[in-house]
Structure formats: structure tokens, C-alpha cells
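Structure first, then comments.
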Amino acid sequence: MATQEIRVTRARIAVIIGKGGVIKRKIENETKTNLTIDSEDGLITIEGEDAPLLLKAADIVMAINRGFSPKRAFCLLEDEDMILDIIDLTAACRNPKQMERTRGRIIGSAGKSREQIEDMSGAEISVLGKTVAIIGGVEQVKTARHAIEMLIDGMPHESVFSYLDKKKKEAKANIFDYYY
């Protein structure tokens, strides 16, 4: 029996459990694992026989902990190629004001920047606290991560969106080449 422990923020424990335990049960049923949640210290222990499913359960818990809704986190189970990537903003931000500015650049006015990165990369993005979490296929995550890193480095949104547009066209061309 394999085991993995994850420490989560106490504010997200209720979301991981869900109303009447529905989310916790869904994670357990779909990944054939057992979750033990310590609400006091935020420690979640995941146990299971199947290592890949255990890792998927851990990714779902981490995704919910990093601000994704359970529905969005469960897309990690839709395809074995779906991955979770987490960017820690603390290395790039020297103070709280810079952190706030960087998060604002990624989210954009009324969430427009984040939305556009999601639309153009095909990945799902959540900005919470000092992290940016990304869910998607390997190439989608790679593209979204690069776009977010460009914003963190201070590149103009215009340059980031033109990079995303180029990547989206390349992806379409690759699909076309694959089928024809």
C-alpha cells in the first residue's frame, strides 16, 4: 500500500471534503484511494494500491488546494496526459506589493488576461496566494507556463498574446498535419 501526505491550507479543507463528504468520496472512488483528513493541522494522507491513481488523487487534492474548483480539478482524470503544474511566485517577487502587481498582471482587469491565456493555450489556470496553478495537457501547460513567465518577467501583454496566438496556430497546424 502506497501513501502520500499533503499539507493543505485550512481554508480549502471544506472544499476538498465537499458538502456531506461528496468531493472526498468522489476522489476516493475515482482513484481507488482512501483519504484521511486532519482538519486541525491540514494534513491529508492518501493511501492506495495503484501508484498512478494515487498520484492523480494527490494532484486533484493539490489542485483544489491551489484554488481550482473540484469540477476543474477532476479534469486531471479525464486523460492520462493531463498534468498539474504549480508556479511559485515568491522567487520572482521581493515584496508584497510586487507580488500583488505580478498577480494582477496574470489575472488582468476583471480576469481578462487569465481568461485569454486559458482560451489560447487550452489550459486551466488558478491564481491563489503566492502560486499560479495550471492544469492541461503537456503542451498546453508548457505554453501557458511560458506565457505566465513572460508576464512575471514584465513583458507587455501584447507580446504575450502574440506568442500565444503563434502557439495556437502551430497547434492547429500540427492537428491538421496529423489527420491529413
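The values are calculated or read from the model by the stated rules, or taken from the named source; none is laboratory data. Computed from a predicted structure; not experimentally measured. Cβ coordinates were reconstructed from backbone atoms using ideal geometry, including for glycine residues, and neighbour counts include every protein chain displayed.
Here's the yes/no breakdown for (1) of a type in the set (Val, Ile, Thr); (2) without any contact (Cβ under 8 Å) to a residue 24 or more places away in the chain:
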{"residue": "Gln4", "(1), (2)": "no, no"}
{"residue": "Gly18", "(1), (2)": "no, no"}
{"residue": "Val22", "(1), (2)": "yes, yes"}
{"residue": "Arg25", "(1), (2)": "no, yes"}
{"residue": "Thr36", "(1), (2)": "yes, yes"}
{"residue": "Glu47", "(1), (2)": "no, no"}
{"residue": "Ala51", "(1), (2)": "no, no"}
{"residue": "Ala57", "(1), (2)": "no, no"}
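Taken over region 1-46, the criterion of being of a type in the set (Lys, Arg), within 19 Å of the chain's Cα centre (by Cα) and more than 11 Å from Ala57 (Cα to Cα) is satisfied by Arg7, Arg10, Arg12. Just one of the numbered conditions (1) exposed (fewer than 15 other Cβ atoms within 10 Å of the Cβ); (2) assigned by TED's automatic domain parsing to the domain that holds Arg114; (3) not basic (Lys, Arg) is not true of Ile87: (1).
Looking across region 79-122 at every residue that is under 24 Å from Lys169 (Cβ atoms) and in a loop (DSSP other than H, G, I, E, B), the one that is nearest to the chain's Cα centre (by Cα) is identified as Met82.
Evaluated against (1) at pLDDT below 95; (2) surrounded by 15 or more Cβ atoms within 10 Å (Cβ to Cβ), Tyr180 falls short on exactly one condition, (2). Note on region 164-174: among residues that are of a type outside the set (Lys, Arg) and within 14 Å of Gly122 (Cα to Cα), the one that is nearest to the chain's Cα centre (by Cα) is Leu164. Only one entry in Arg114, Arg12, Arg66, Arg105 is within 21 Å of His146 (Cα to Cα), among the basic types (Lys, Arg) and not assigned by TED's automatic domain parsing to the domain that holds Glu158, namely Arg66.
Can you tell me which residue in region 1-27 is modelled with the lowest pLDDT, limited to those that are exposed (fewer than 15 other Cβ atoms within 10 Å of the Cβ) and aliphatic (A, V, I, L, M)?
Only one residue tops the list, namely Met1.
Looking across region 123-153, the residues that are within 26 Å of Lys97 (Cα to Cα), touching a helix residue (DSSP H, G or I) at 6+ places or on another chain (Cβ under 8 Å) and not in a helix (DSSP H, G or I) come down to Glu124, Ile125, Ser126, Val127, Lys130, Thr131, Val132, Ala133, Ile134. Scanning region 41-59 for residues that are surrounded by fewer than 18 Cβ atoms within 10 Å (Cβ to Cβ), closer than 11 Å to Arg7 by Cα and of a type outside the set (Ser, Thr, Tyr) returns Asp41, Gly42, Leu43.
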